[in-house]
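*Asks:* The structure is given below, and queries will be raised subsequently.
Taken together, the values in this text are just the output of simple stated rules run on the coordinates, not laboratory data. Note that this is a predicted model, so its numbers are computed, not measured. Cβ placement follows ideal geometry from the backbone for every residue including glycine, while neighbour counts extend to all protein chains displayed.
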Amino acid sequence: MAQPKNAMEIFKLLDQSNCRECGQKTCLAFAGAVFRGQIKLEECPKLDRETIERFSGEAKKEHTVEEIQEAYMNDLKAKISDLDLDETAQRTGGRVSNNKLTLQVLGKNFSVDPKGHLYTDIHINLWVAVPFLTYVLYGKGIPVSGNWVSFRELKDGKEEHPLFQRRCEEPMKRIADTYTDLFDDMVHILSGKKVEEQFESDISVVLYPLPKVPIMVCYWLPEDGLESSLHVFFDKTADENLGTSAVFTLGVGLSQMFAKLALRHGVSEHP
Ligand code: SF4
């Protein structure tokens, strides 16, 4: 009986349709749960008997979300060699030079070569690198609509919305509450644009983490006994230009990036 060495080996056996018939939200989540021994491979109805018998070993080693993300990132990198770089540049809003595809990520060059090697001046955070590669491989390249929607309005976003609030919007709000330069840093360091306040917020800043996936961060100051609030909005094309799972990952990555900015200026993320 073959023993899967990691969750990615299990993921590669699946049809990767994210159909949810197994009760998991994605095939990647299913692979992670099988690898941690929480569910059995045969719970995916799309696998044939022969594959199930070949790989139904006891997988006991615990893997962190980051390890699974890293394995997933390596799988994405391996697929870059299949791309036509010129077509991809046109679809993604990038450019090709020296056999590398380069996109603007938060105002900085972020490049990938056909072997999947990444080149950038900014720190390569897994939570940003995975959306970058997903966008390059699977983004549909639809023109940005200019209509802002919340995470819950994206395809399949409703179910993940509470988790998105906990992992992205709430940490961002805590940073914004104590680090008043956050929005200026978004503009000056991350090449964001302050825009006319949206949804009656006090501050609205648009960032470009990927050329066709703008995000808008809106902040409401405390008022009349009400506490402050912060919400993140996406163009309504984000689920097609990136995919809702990768939008989630990107949101978490940005909130970690903001925490680093705040810490660099001597302000604690957790007041
Ligand atoms: S049933 Fe299989 S193919 Fe469908 S989401 Fe689950 S693991 Fe993926």
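*Asks:* Quick one: order V195, V213, V112, V130 by neighbouring beta-carbon count within 10 Å, fewest to most.
*Replies:* In order of increasing Cβ crowding within 10 Å: V195, V130, V213, V112.
*Asks:* Still on this structure: State the Cα centre-to-centre distance between segment 143-195 and segment 74-100 in whole Å.
*Replies:* 27
*Asks:* State the dimensionless ratio Rg/Rh of segment 12-111 (Rg: radius of gyration of Cα atoms; Rh: Kirkwood radius).
*Replies:* Ratio of gyration radius to Kirkwood radius for segment 12-111: 1.10.
*Asks:* H231: net charge of surrounding residues, Cβ under 11 Å, Lys/Arg +1, Asp/Glu -1, itself excluded?
*Replies:* Cβ neighbours under 11 Å give a net charge of 0.
*Asks:* Still on this model: Percentage of Cα-Cα pair distances in the chain greater than 32 Å, rounded to whole percent?
*Replies:* Above the 32 Å cut-off, the chain has 29 percent of its Cα pairs.
*Asks:* Kindly write out, for segment 245-253 in residue order, the coupling ³J(HN,Hα) from the Karplus curve 6.51 cos²θ - 1.76 cosθ + 1.60 (θ = phi - 60°), rounded to whole Hz, with x marking Gly and Pro.
*Replies:* Per residue, the Karplus-derived 3J(HN,Hα) values read 4, 6, 4, 4, 4, 4, x, 5, x Hz.
*Asks:* Could you run the Karplus curve 6.51 cos²θ - 1.76 cosθ + 1.60 with θ = phi - 60° over segment 14-22 and give me ³J(HN,Hα) per residue in whole Hz, x for Gly and Pro?
*Replies:* Coupling constants for segment 14-22: 7, 7, 6, 8, 6, 6, 6, 5, 7 Hz.
*Asks:* Just want the ordering: T134, T102, from fewest to most Cβ atoms lying within 10 Å of their own Cβ.
*Replies:* Placing the least packed residue first, the sequence is T102, T134.
*Asks:* Using only the alpha carbons, work out the radius of gyration and Dmax of segment 139-226 in angstrom.
*Replies:* Spelled out, the Cα radius of gyration and Dmax of segment 139-226 are 14.0, 45 Å.
*Asks:* Work out how far the C-alpha atoms of segment 62-212 reach from end to end along every principal axis, then list the three figures in whole Å, largest first.
*Replies:* 45, 40, 29
*Asks:* What is the sum of charges around L190, taking Lys and Arg as +1, Asp and Glu as -1, for the other residues whose C-beta is under 11 Å from the C-beta of L190?
*Replies:* 0
*Asks:* Related question: Taking the beta-carbon count within 10 Å as an exposure proxy, list H188, H123, H231 from fewest neighbours to most.
*Replies:* Ordered from fewest to most neighbouring Cβ atoms within 10 Å, H188, H123, H231 come out as H123, H188, H231.
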